[in-house]
1. So, in Å, what gap is there between the alpha-carbon centers of the stretch 298-350 and the stretch 48-95?
2. If you rank ARG51, ARG14 by fewest surrounding Cβ atoms within 10 Å, what's the result?
3. Among the aspartates and glutamates, which fall within straight-line cross-link reach of LYS20, defined as a Cα-Cα distance under 12 Å, with same-chain neighbours fewer than 8 residues apart omitted?
4. Rounded to the nearest 0.05, what FRET efficiency do ASP239 and SER363 have when you use their Cβ-Cβ distance and R0 = 30 Å?
5. Using the Cα centre of the chain as origin and beta-carbon charges of +1 (Lys, Arg) and -1 (Asp, Glu), tell me which of THR79, PHE2, ILE254 is placed farthest towards the positive end of the dipole.
6. Out of these labelled values of volume of the Cα convex hull per residue in Å³, [x] 125; [y] 155; [z] 207, which was calculated from the coordinates shown here?
7. Arranged from highest to lowest average of other beta-carbon atoms within 10 Å per residue, in what order do the peptides 389-395, 222-228 appear?
8. In a shell of Cβ-Cβ distance under 12 Å around PRO58, excluding PRO58 itself, what net charge do Lys and Arg (+1) and Asp and Glu (-1) give?
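Every number here is computed from the coordinates shown, using simple stated rules; none is lab data. Computed from a predicted model, the values in this text were never measured in an experiment. Cβ placement follows ideal geometry from the backbone for every residue including glycine, while neighbour counts extend to all protein chains displayed.
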Amino acid sequence: MFYDDRDCAMPSDRDALLFKRLRELLSLAMTQSPGWAKRLSGIDPRAIFARDKLSALPVTRKSHLIVAQELDPPLAGLTAQAQESFPRLFLSPGPICEPQPSAEDAWGAARALHAAGMRAQDTLLNTFSYHLTPGGFMFDTGARALGCAVIPAGPGNTEQQLQAIRRYRPAAYGGTADFLNLLLQAYEQAGDIDFPIRRAILSGAAVPQNLRERFSTAGIAVHELYGTAELGVVAFETDAHAGLVANEDLIIEILDPVTAAPVAPGQTGEVVITRLAPDYPLFRFATGDLSAVIDEPSPCGRTNMRLRGWLGRADQTTKIKGMFVHPAQIIEVIGRLAGVTKGRLMVRRRDDRDDMTLEVETSQPAIDLPAAARLLAEVTKLRGDVRIVAAGSIGQSGAIIDERTQ
């Protein structure tokens with residue numbers, strides 16, 4: 001059932017080991033990595049022995065990495081190793097240079113894939129990109145660490161993907177929910193009725209309930225995964241389907257995006273992570289993503305922290321009519337509207353007043369718009385309209401689009 005003993009370790013034992021490693025890595029980084037020596041100047045690693053001591057370390061954001069890497073290319077002195085010693089070098093949007101750590105399962109994907117039911121001798125159709133960004137390799141190395149075969153499909157090329165599915169008959173899929181739905185539709189439209197994929201490990205965006213139901217009807221068990229290019233797999237869904245279990249080798253904090261103070265369990269805040277990779281550590285890296293801690297033991301028996309999942313972007317929180325509206329609120333409204341597949345809150349100025357409209361895509365001819373507007377007001381404490389838009393018109397730009405400053 002478990003990947004290893006760490007899945008069910010005592011939380012106090014886990015923290016003791018994590019903070020011991022953190023102190024060792026802080027000492028190493030401050031003496032051997034010029035970028036970290038500068039950023040961590042004046043800090044005593046011995047004083048960082050518990051979660052309430054982490055505030056002594058500065059929060060590092062993507063913007064910090066971009067500027068630092070421009071001044072000291074390619075890796076801003078945040079590693080003691082030369083770039084040639086890393087197995088792969090990526091360039092993610094920003095741009096941000098990201099080396100692949102040298103461990104076998106460098107991004108911690110094997111544990112997540114195992115929790116999703118993958119085992120040795122399974123075959124994975126991996127539709128994440130292998131081009132310049134690490135997503136494809138995250139799944140690839142994790143699956144291979146489990147002893148699985150990997151079809152390195154990448155995104156797109158639907159007809160070739162269908163050919164690969166028919167020939168190799170993979171039991172598992174890795175990619176986005178939307179692309180899996182596209183493959184399933186194309187497979188069915190071609191007259192095939194024996195879609196072989198039985199497990200889907202989905203990432204890249206929150207999985208809407210209607211697609212979960214669609215895949216369940218097709219006999220596909222869905223497991224969501226939350227990860228980032230900088231950190232690898234952060235948290236993953238288990239067969240309990242009760243939130244996302246935090247990965248090992250990470251120290252995860254949920255902080256107020258403005259004050260950087262820890263929020264109470266259950267409250268929404270920004271995900272900030274310390275990755276304990278010896279060759280390229282990241283200390284208190286702010287992801288910009290919002291989530292919340294589920295402060296109860298997991299039904300699956302794993303003992304690490306659980307997250308509610310991706311709840312939007314911290315930088316999309318906006319003030320409307322004097323009140324803050326968070327992406328997590330809009331995601332909640334969308335999730336509670338039957339038949340709604342996608343949605344976003346559009347914020348504009350109209351007649352010298354703030355105006356908000358929830359745009360939604362639906363899988364059914366009509367929804368109760370007045371009831372939807374009441375739900376929007378209940379959750380946000382603000383009145384707004386709800387409007388149905390054409391399928392495919394809502395992209396991946398986020399839960400809140402504020403056009404008042406555009």
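1. 29 Å
2. Result, fewest neighbours first: ARG51, ARG14.
3. LYS20 reaches ASP249.
4. Working: r = 26 Å, r/R0 = 0.88.
It comes out at approximately 0.70.
5. Highest projection toward the positive end goes to ILE254.
6. [y]
7. Values: 389-395: 11.1, 222-228: 22.9.
Sorting 389-395, 222-228 by mean packing, highest first, produces 222-228, 389-395.
8. Neighbour charge sum, excluding PRO58 itself: +4.
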